Amino acid sequence: RSKKLQDGSWCWYDADADEDGRRRGQIAISLRSAIADGALRLVFQPQISMKQRELLGFEALLRWNSSALGEVSPAEFIPVAEQTGIIVEIGDWVLIQACQEATQWPAPIGVAVNVSPVQLMRPNFAERLTEILDETGLEPTRLEIEITETMLIDNPGQALLVLRKIKALGVRVAMDDFGTGYSSLSTLFSFPFDKIKVDRSFLNALGRQAQATSVIETVIELGHKLSIPVLAEGVETDFQAAFLKDRRCDEAQGFLYGRPVDSSTAHALAQTGAWQDDEGALGKLSA
Ligand code: C2E
Ligand code: MG
Ligand code: MG
Ligand code: MG
């Protein structure tokens, strides 16, 4: 498409890119007041042990119901929040809420929180985390931080220092979306991870793409050889669950076991601790 410029000449432009930019601008503006507006909330998705068939904890996932834009997915607004820097404030809010929530659950049920590179690389992140744990009273061992490996590539030296500080507090660190980045093996080798979360694209490819089987098997085996538990993300079908169990995958998370639920439902699940079969209670609680 073409567009007339102010000087009267014409040029080509990309209407989609324009539309995209406008949307991102709206998101950036509305996000600024999202906390004050009370428009953010957390939902909690069960993480289970495949062997013991018990609830280990929940991953806290952010939701935003904007008065101007409606419900916006974190996949869309987190990148904008990172670009504008507002993620630091939002991420702080998420950590406080998640830790507070977890203190309401019976120990040792824990909470996993996604932390953005922008937030983690702030000079005082570990100190801030210490404060939040103190203020909420959550035992550090019940908190897990989920990070993606892309964050470790830009500044590996500083990343390693922060991760060491976090771990010294007793907080665990999980590598999220494993297999989708650029240097999975070297990051596993150089950083002290407590868990590997296999990206759900691999599970999704199971039974559709021949290599998916080998890739998942290899990651599970790698984790076991390094003594790092492996969690499979995005488990949706009995077929996938059976495959993982057969390969001795340690942990799982996905719609089969439970969709992300609100805080009162998470609380009820944590209280009963009732763990049924794959098709059982959690799966039917879908929000
Ligand atoms: P993630 O950390 O990899 O979270 C898992 C995503 O997969 C969640 O999407 C979850 O709802 C979805 N999921 C879980 N099980 C299944 C399944 O069986 N099938 C399918 N199709 N999807 C499943 P969600 O909540 O939309 O979050 C998307 C991403 O946004 C997250 O990916 C994470 O990277 C980011 N995010 C979410 N909350 C936060 C947050 O509080 N802080 C930061 N920095 N990022 C967050
Ligand atoms: Mg995550
Ligand atoms: Mg993930
Ligand atoms: Mg993801």
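No value in this document is a laboratory result; all are computed from the given coordinates. Model, not experiment: these values are computed from the prediction. Neighbour counts run over all protein chains shown; Cβ positions are idealised from the backbone, glycine included.
Quick check: is even one residue across region 154-166 within 19 Å of Glu82 (Cβ to Cβ), within 16 Å of ligand 4 (Cβ to nearest atom), part of a loop (DSSP other than H, G, I, E, B) and not aromatic (Phe, Trp, Tyr)?
No, region 154-166 has no match at all.
I'd like the residue in region 89-107 that is over 16 Å from the mean Cα position of the chain (by Cα) and free of Cβ contacts under 8 Å to residues at least 40 places away in the same chain and, out of all such residues, is farthest from Leu40 (Cα to Cα).
Of everything passing the filter in region 89-107, Ala107 is farthest from Leu40 (Cα to Cα).
Does region 147-156 include one or more residues that are hydroxyl-bearing (Ser, Thr, Tyr) and either within 14 Å of ligand 2 (Cβ to nearest atom) or touching a helix residue (DSSP H, G or I) at 6+ places or on another chain (Cβ under 6 Å) (or both)?
Taking region 147-156 and keeping what is hydroxyl-bearing (Ser, Thr, Tyr), we get 148, 150.
Cutting the leftovers down to either within 14 Å of ligand 2 (Cβ to nearest atom) or touching a helix residue (DSSP H, G or I) at 6+ places or on another chain (Cβ under 6 Å) (or both) gives us 148, 150.
Checked region 147-156: at least one residue is hydroxyl-bearing (Ser, Thr, Tyr) and either within 14 Å of ligand 2 (Cβ to nearest atom) or touching a helix residue (DSSP H, G or I) at 6+ places or on another chain (Cβ under 6 Å) (or both).
It is to be established whether one or more residues within region 77-84 are on the phi > 0 side of the Ramachandran plot and more than 16 Å from ligand 4 (Cβ to nearest atom). Lay out the reasoning, then the answer.
Just the residues of region 77-84 that are on the phi > 0 side of the Ramachandran plot, to begin with: none.
No, region 77-84 has no match at all.
Would you check which residues across region 185-204 are surrounded by 17 or more Cβ atoms within 10 Å (Cβ to Cβ) and either within 16 Å of the chain's Cα centre (by Cα) or more than 15 Å from ligand 1 (Cβ to nearest atom) (or both) and list them? Walk me through it before giving the result.
Of the residues in region 185-204, the ones surrounded by 17 or more Cβ atoms within 10 Å (Cβ to Cβ) are 187-188, 191, 193, 195-200, 202-203.
Passing the criteria: Thr187, Leu188, Phe191, Phe193, Lys195, Ile196, Lys197, Val198, Asp199, Arg200.
Could you name every one of the helices (runs of 4 or more DSSP H) located completely within region 46-144 that has at least 1 residues being exposed (fewer than 15 other Cβ atoms within 10 Å of the Cβ) and within 16 Å of ligand 2 (Cβ to nearest atom)? Please lay out each step first, then the result.
On the way: elements: 74-84, 87-103, 117-120, 125-136.
The helices (runs of 4 or more DSSP H) meeting that bar are 74-84.
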